[in-house]
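The block underneath contains the structure these notes are about, expressed in structure tokens.
Nothing in this text is a laboratory measurement; each read-out follows from the coordinates by a stated rule. Worth saying up front: this structure is predicted, and the values here are computed from it rather than measured. Cβ sites come from the backbone with ideal geometry, for glycine too, and all protein chains shown count toward neighbours.
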Amino acid sequence: EKGNYRHYMQKEIFEQPIVVAQTLQTYVRPFEGEVALPVVDADLQAVNRLTIVACGTSFYAGLVAKYWVEQFARVPVDIDVASEFRYREPVLEPGGLALFISQSGETADTLAALRHARSQQQRIAVVVNVPTSSMAREADLLFPTHAGPEIGVASTKAFTCQLAVLAALAANLARAKGRLTREEEQEIVGHLQEAPAALNAALNHDEDIAAMAHLIAPARDVLYLGRGPDFPMAMEGALKLKEISYIHAEGYAAGEMKHGPIALIDDNVPVIVIAPSGPLFEKTVSNMQEVRARGGKIVLISDAKGIEEAGEGCMATIEMPAVHPLIAPLVYAVPVQLLAYHVAVLKGTDVDQPRNLAKSVTVE
Ligand code: M6R
């Protein structure tokens, strides 16, 4: 079933252009230039606050969604990991909308959080990959991802499909709230439609990434930096590396470096900077220079323009296609997944079944 691939994870990384396209098909109408979720605008109009709950990689998809929902729809978003949400006595106004994100639809903490939200009279929306799962059954509003079965314990294609659905949801909410002109909606749909081709272009750098994995494999610690929606991508990159290569890694908001973590920097701690061209590029690059001034070894992931501007002096660069900032999180998922994958292969770990981990965490 793995075909020509060595691992399920590798196969699933390479499936992303197709499954993201499949997922988008059900959420956008490209010819009309409209997003089209299985929910009526009138239902979303009353949403004044959105609560998002998830675990692990699905939580990072939720963090990206917070940036989008607040930017487009101007609806405030509360977000928690499920194990915190359950027990912290969150303040939930009756009739509020709570969104749960899960590949499996069975994660024990997320499911318990969903039931808690229900008991607090919340409307339950679910973004889920397994259509027969408990969460899918218990949802009021069901937003399926169409990633197909994900076998590798490290989530890859389910994540990018979650992002595709969440971008469409943010746009739909924005429209319902009267925050989106026709033209803006058409533009968003246009950018989303570019995602599959951009994912393909990102995958074309597989060999370059494989060739530089030896720079990361010997490290004991690795830092990932990003800003805005690329901050959760830094955390996602770090999680992927931790779980399959067993290298300690942390994702930080680039601007937080000087508030502590920069003390860790020496030439044994590679720093992976996720910095697509766009409004936040210069800021992230200036944080990167602070790291470099302290002898840090940098891997810059950016587009040709970004690499030309800031690539000099980096230990390595990974070039991504130039994309609109909206779809950058989807596209930049690919290099962080591939980097973790190739480092794990070099280290000889069990990529699809990493130690101590289960695909679906059905215990608290
Ligand atoms: O099935 P879920 O999306 O609810 O799972 C949540 C996490 O357990 C999951 O994302 C986990 O962090 C992955 N191993 C990450 O690669």
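A helix-only calculation puts the chain at -13000 deg cm²/dmol for mean residue ellipticity at 222 nm, using -39500 (n - 2.57) for each DSSP H run of at least four residues, averaged over all residues. Cα centroids of region 268-283 and region 286-300: how far apart, whole angstrom? If you average the Cα positions of each part, the centres end up 9 Å apart.
Inter-label distance, Asp208 to Phe31: 3.8 nm, where each label sits 7 Å from its Cα along the C-beta direction. Between Ala54, Val39, Ile18, the Cα set farthest toward the positive side of the dipole of the chain (charges on each charged residue's Cβ, about the Cα centre) is that of Ala54. Within straight-line reach of Lys297, meaning a Cα separation under 21 Å, sit the following lysines at least 8 residues removed in sequence or on another chain: Lys240, Lys242, Lys258, Lys283, Lys305, Lys347. At an R0 of 35 angstrom, the distance between the Cβ atoms of Glu93 and Lys305 translates into a FRET efficiency of 0.20.
Kirkwood-type hydrodynamic radius, region 184-228: 13.6 Å, calculated from all non-identical alpha-carbon pairs. Under 1.5 on a/c is rounded, so check that first for region 218-351, then, if it is not, pick prolate when a/b is larger than b/c and oblate when it is not; a ≥ b ≥ c are the square roots of the alpha carbon gyration tensor eigenvalues. In terms of gyration-tensor shape, oblate. In region 30-184 the Cα-Cα distances spread across 5 Å bins starting at 0 as 2, 10, 20, 24, 21, 14, 6, 2, 0, 0 percent of all pairs. Each of the peptides 301-314, 324-337 was scored by the mean count of other Cβ atoms within 10 Å over its residues; in descending order, highest first, they stand as 324-337, 301-314.
Amide H contacts for Val28 (H built 1.01 Å from N in the peptide plane; partners 5 or more residues away or on another chain; cut-off under 5 Å): Ala36.
Using unit Cβ charges (K, R positive; D, E negative) and no other charged atoms, how large, in debye to the nearest 20, is the dipole of region 287-364 about its Cα centre?
On the way: 7 positive and 9 negative charges, 55 e Å.
Computed about the Cα centre, the dipole is about 260 debye.
Report, in whole Å, the centroid distance computed from the Cα atoms of region 132-193 and region 24-89. So the separation of the two Cα centres works out to 8 Å.
What net charge is computed for the residues neighbouring Leu37, neighbours being all others with C-beta under 15 Å from the C-beta of Leu37, Lys and Arg scored +1, Asp and Glu -1? Surrounding charge for Leu37 is -2. Here's the picture: charge each Lys and Arg Cβ at +1 and each Asp and Glu Cβ at -1 in the chain, and of Ile262, Leu114, Leu326 the one pushed furthest to the positive end of that dipole is Leu114.
Taking trypsin sites (Lys or Arg not before Pro) across region 85-143, the ones in a DSSP loop with at most 11 further Cβ atoms lying within 10 angstrom of their Cβ are Arg88.
Whole-Hz Karplus values for region 7-14 come out as 9, 4, 4, 5, 4, 5, 4, 6 Hz, taken residue by residue from phi with 6.51 cos²θ - 1.76 cosθ + 1.60 and θ = phi - 60°; glycine and proline positions read x. For region 114-179, a/c is not less than 1.5, where a ≥ b ≥ c are the root eigenvalues of the C-alpha gyration tensor, and a/b does not top b/c. That puts it in the oblate class.
Working note: Karplus 6.51/-1.76/1.60 with θ = phi - 60° gives region 181-197 the couplings 7, 3, 5, 5, 5, 4, 5, 4, 4, x, 5, 4, 5, 7, 4, x, 5 Hz, where Gly and Pro are set to x. Using a simple spin-label model with pseudo-atoms 7 Å out from Cα toward Cβ, Ala263 and Thr132 lie 5.3 nm apart.
What does the extension gain come out to for Val40 and His248, with contour length at 0.36 nm per residue minus their alpha carbon separation?
Values: separation 208, 0.36 × 208 = 74.88 nm, distance 4.46 nm.
So the extension gain works out to 70.4 nm.
Ordering 348-354, 294-300 by mean Cβ neighbour count within 10 Å, with the highest value first, yields 294-300, 348-354.
How big is the C-alpha Rg of the chain next to the rule-of-thumb value 2.2 N^0.38 Å, as a ratio? Spell out each step's value before the answer.
On the way: Rg = 19.6 Å, N = 364, 2.2 N^0.38 = 20.7 Å.
Cα Rg divided by the expected 2.2 N^0.38 Å: 0.95.
Annotation: amide H of Tyr224 within the under-5 Å range of Glu250, Gly251, Tyr252, Ile272, sequence separation 5 or more or interchain, hydrogens built in the peptide plane.
Scalar couplings 3J(HN,Hα) for region 236-242, obtained by applying the Karplus form with A = 6.51, B = -1.76, C = 1.60 to θ = phi - 60°, are 5, x, 5, 5, 4, 5, 3 Hz; x denotes Gly and Pro.
Given +1 at the Cβ of Lys and Arg, -1 at the Cβ of Asp and Glu and no other charges, the dipole of the chain around its Cα centre is 560 debye to the nearest 20.
Can you list residues from other chains, or at least 5 along the same chain, whose modelled amide H is less than 5 Å from the amide H of Leu141? The answer is Ile124, Ala125, Val126.
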